[in-house]
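Structure provided below as C-alpha coordinates; questions to follow.
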Amino acid sequence: MTGSVLDILIYVFDRYMLNEQPDVPEREHLARDLQQAGFAPMNVERALDWLTDLAFGHQESGNVGKAHGGVRVFSDSELTRLSTECRGLLLSLERAGVLDVAQREIVIERLLALDTDEPDTEQLKWVVLMVLSSQPGQEIAVERLGGLMVDDAQFGAPH
(Lines give C-alpha, C1' and ligand atoms only; values in the text may rest on other atoms or scores of the structure.)
Protein backbone atom coordinates (compact mmCIF):
# COMPACT_ATOMS: atom_id res chain seq x y z
CA MET A 1 0.00 0.00 0.00
CA THR A 2 1.37 3.44 -0.85
CA GLY A 3 -1.60 5.47 0.37
CA SER A 4 -2.40 9.08 -0.38
CA VAL A 5 -1.71 11.79 2.16
CA LEU A 6 -5.40 11.73 3.10
CA ASP A 7 -5.30 7.93 3.55
CA ILE A 8 -2.41 8.37 5.97
CA LEU A 9 -4.18 11.18 7.83
CA ILE A 10 -7.32 9.07 8.20
CA TYR A 11 -5.20 6.15 9.43
CA VAL A 12 -3.52 8.37 12.04
CA PHE A 13 -6.84 9.90 13.03
CA ASP A 14 -8.51 6.48 13.45
CA ARG A 15 -5.55 4.93 15.23
CA TYR A 16 -4.49 7.72 17.56
CA MET A 17 -6.86 10.68 17.68
CA LEU A 18 -10.17 9.01 18.56
CA ASN A 19 -9.05 8.24 22.10
CA GLU A 20 -10.19 10.46 24.99
CA GLN A 21 -6.59 11.49 25.49
CA PRO A 22 -4.70 10.92 22.25
CA ASP A 23 -1.34 9.25 22.68
CA VAL A 24 0.38 10.20 19.44
CA PRO A 25 4.00 9.07 19.26
CA GLU A 26 6.83 11.45 18.44
CA ARG A 27 7.25 12.24 14.75
CA GLU A 28 10.10 9.78 14.18
CA HIS A 29 8.23 6.90 15.82
CA LEU A 30 5.01 7.77 14.01
CA ALA A 31 6.84 7.91 10.67
CA ARG A 32 8.36 4.50 11.33
CA ASP A 33 4.95 3.06 12.35
CA LEU A 34 3.33 4.42 9.20
CA GLN A 35 6.06 3.07 6.94
CA GLN A 36 5.79 -0.32 8.65
CA ALA A 37 2.05 -0.19 7.95
CA GLY A 38 2.95 0.05 4.26
CA PHE A 39 2.70 3.76 3.51
CA ALA A 40 5.24 5.29 1.13
CA PRO A 41 7.93 7.30 2.94
CA MET A 42 7.40 10.40 0.79
CA ASN A 43 3.66 10.47 1.53
CA VAL A 44 4.32 9.80 5.21
CA GLU A 45 6.52 12.89 5.40
CA ARG A 46 3.94 14.98 3.56
CA ALA A 47 1.19 13.76 5.91
CA LEU A 48 3.28 14.51 8.98
CA ASP A 49 4.06 17.99 7.62
CA TRP A 50 0.31 18.45 7.05
CA LEU A 51 -0.39 17.53 10.68
CA THR A 52 2.35 19.84 11.93
CA ASP A 53 0.92 22.71 9.91
CA LEU A 54 -2.52 21.94 11.32
CA ALA A 55 -1.19 21.97 14.88
CA PHE A 56 0.49 25.33 14.47
CA GLY A 57 -1.86 26.88 11.90
CA HIS A 58 -4.86 27.42 14.17
CA GLN A 59 -2.70 29.10 16.82
CA GLU A 60 -1.99 31.94 14.37
CA SER A 61 -5.65 32.53 13.51
CA GLY A 62 -6.84 32.98 17.09
CA ASN A 63 -8.89 36.17 16.82
CA VAL A 64 -10.37 35.64 13.36
CA GLY A 65 -13.04 33.36 14.85
CA LYS A 66 -14.64 36.27 16.69
CA ALA A 67 -15.97 37.73 13.43
CA HIS A 68 -19.51 36.86 12.42
CA GLY A 69 -21.31 37.23 9.14
CA GLY A 70 -19.74 38.68 6.08
CA VAL A 71 -19.06 37.04 2.78
CA ARG A 72 -16.13 34.78 1.97
CA VAL A 73 -14.74 35.65 -1.46
CA PHE A 74 -12.78 32.78 -2.96
CA SER A 75 -9.63 33.49 -4.94
CA ASP A 76 -9.33 32.31 -8.53
CA SER A 77 -7.07 29.42 -7.49
CA GLU A 78 -9.56 28.38 -4.77
CA LEU A 79 -12.45 28.54 -7.24
CA THR A 80 -10.47 26.35 -9.63
CA ARG A 81 -9.80 23.68 -7.01
CA LEU A 82 -12.89 23.81 -4.79
CA SER A 83 -16.04 22.53 -6.44
CA THR A 84 -19.39 24.20 -6.01
CA GLU A 85 -20.37 21.27 -3.76
CA CYS A 86 -17.35 21.83 -1.48
CA ARG A 87 -17.97 25.56 -1.25
CA GLY A 88 -21.65 24.91 -0.54
CA LEU A 89 -20.83 22.40 2.18
CA LEU A 90 -18.43 24.88 3.80
CA LEU A 91 -21.20 27.49 3.85
CA SER A 92 -23.68 24.97 5.27
CA LEU A 93 -21.26 23.95 8.02
CA GLU A 94 -20.66 27.57 8.93
CA ARG A 95 -24.40 28.36 8.99
CA ALA A 96 -25.08 25.26 11.10
CA GLY A 97 -22.55 26.45 13.68
CA VAL A 98 -20.17 23.57 13.03
CA LEU A 99 -17.40 25.91 11.84
CA ASP A 100 -16.58 29.45 12.81
CA VAL A 101 -14.80 31.87 10.48
CA ALA A 102 -11.30 30.96 11.67
CA GLN A 103 -11.99 27.23 11.45
CA ARG A 104 -13.40 27.63 7.95
CA GLU A 105 -10.16 29.29 6.87
CA ILE A 106 -8.08 26.52 8.43
CA VAL A 107 -10.25 23.91 6.70
CA ILE A 108 -9.82 25.59 3.32
CA GLU A 109 -6.07 25.91 3.78
CA ARG A 110 -5.65 22.30 4.97
CA LEU A 111 -7.95 20.95 2.23
CA LEU A 112 -5.93 22.70 -0.46
CA ALA A 113 -2.73 21.43 1.17
CA LEU A 114 -3.78 17.84 0.37
CA ASP A 115 -2.47 18.37 -3.17
CA THR A 116 -5.46 16.75 -4.83
CA ASP A 117 -6.58 18.40 -8.05
CA GLU A 118 -10.18 18.89 -6.96
CA PRO A 119 -11.01 17.77 -3.42
CA ASP A 120 -14.46 16.24 -3.02
CA THR A 121 -16.98 16.63 -0.21
CA GLU A 122 -15.90 13.40 1.50
CA GLN A 123 -12.33 14.68 1.71
CA LEU A 124 -13.68 17.99 2.98
CA LYS A 125 -15.65 16.26 5.74
CA TRP A 126 -12.54 14.39 6.89
CA VAL A 127 -10.53 17.61 6.95
CA VAL A 128 -13.29 19.36 8.93
CA LEU A 129 -13.32 16.49 11.41
CA MET A 130 -9.54 16.63 11.79
CA VAL A 131 -9.51 20.42 12.21
CA LEU A 132 -12.26 20.35 14.83
CA SER A 133 -10.65 17.42 16.65
CA SER A 134 -7.36 19.28 16.84
CA GLN A 135 -8.96 22.12 18.81
CA PRO A 136 -10.03 21.91 22.44
CA GLY A 137 -13.69 22.36 23.29
CA GLN A 138 -15.07 21.37 19.90
CA GLU A 139 -17.03 18.30 20.98
CA ILE A 140 -20.41 19.87 20.16
CA ALA A 141 -19.22 20.93 16.70
CA VAL A 142 -17.93 17.41 16.04
CA GLU A 143 -21.32 16.01 17.11
CA ARG A 144 -23.11 18.43 14.76
CA LEU A 145 -20.82 17.40 11.92
CA GLY A 146 -21.53 13.75 12.66
CA GLY A 147 -25.25 14.47 12.61
CA LEU A 148 -24.98 16.23 9.28
CA MET A 149 -23.00 13.33 7.83
CA VAL A 150 -25.63 10.84 9.04
CA ASP A 151 -28.42 13.00 7.56
CA ASP A 152 -26.59 13.03 4.21
CA ALA A 153 -26.28 9.25 4.26
CA GLN A 154 -29.94 8.73 5.21
CA PHE A 155 -31.25 10.96 2.47
CA GLY A 156 -28.87 9.72 -0.20
CA ALA A 157 -27.23 13.11 -0.65
CA PRO A 158 -24.35 13.10 -3.08
CA HIS A 159 -20.91 12.93 -1.49
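Conditions first: (1) part of a helix (DSSP H, G or I); (2) buried (at least 17 other Cβ atoms within 10 Å of the Cβ); (3) aliphatic (A, V, I, L, M). Leu79 passes all but one, so which condition is the exception?
Only one criterion in (1) part of a helix (DSSP H, G or I); (2) buried (at least 17 other Cβ atoms within 10 Å of the Cβ); (3) aliphatic (A, V, I, L, M) is unmet by Leu79, namely (2).
Could you please tell me which pairs satisfy a Cβ distance under 7 Å, a separation of 6+ or placement on different chains, a first residue in the stretch 29-47 that is closer than 8 Å to Gly3 by Cβ and part of a helix (DSSP H, G or I), and a second residue that is at pLDDT below 95 and not hydroxyl-bearing (Ser, Thr, Tyr)?
Asn43/Gly3; Asn43/Val5; Asn43/Ile8
Filter the stretch 108-159 for residues that are charged (D, E, K, R), closer than 30 Å to Val44 by Cβ and modelled with pLDDT under 85; which is surrounded by the fewest Cβ atoms within 10 Å (Cβ to Cβ)?
Applying the filter and picking the extreme gives Asp117.
Out of Glu78, Glu20, Glu45, Glu105, report the one residue that is among the acidic types (Asp, Glu) and modelled with pLDDT under 90.
Glu20
A follow-up question, please. Please identify the pairs in which a residue from the stretch 81-103 that is free of Cβ contacts under 8 Å to residues at least 24 places away in the same chain and within 19 Å of Leu114 (Cα to Cα) has its Cβ atom under 7 Å from the Cβ atom of a residue that is hydrophobic (A, V, I, L, M, F, W, C) and surrounded by fewer than 18 Cβ atoms within 10 Å (Cβ to Cβ), counting only partners at least 6 apart or on another chain.
These pairs meet every condition: Arg87/Phe74.
Would you check if there is a residue in the stretch 55-69 being assigned to a helix (DSSP H, G or I) and at pLDDT 90 or above?
no
The values are calculated or read from the model by the stated rules, or taken from the named source; none is laboratory data. This structure is a prediction, so every number in the text was calculated from the model and none was measured. Reconstructed Cβ throughout: ideal geometry from the backbone, glycine too, with neighbour counts over all protein chains shown.
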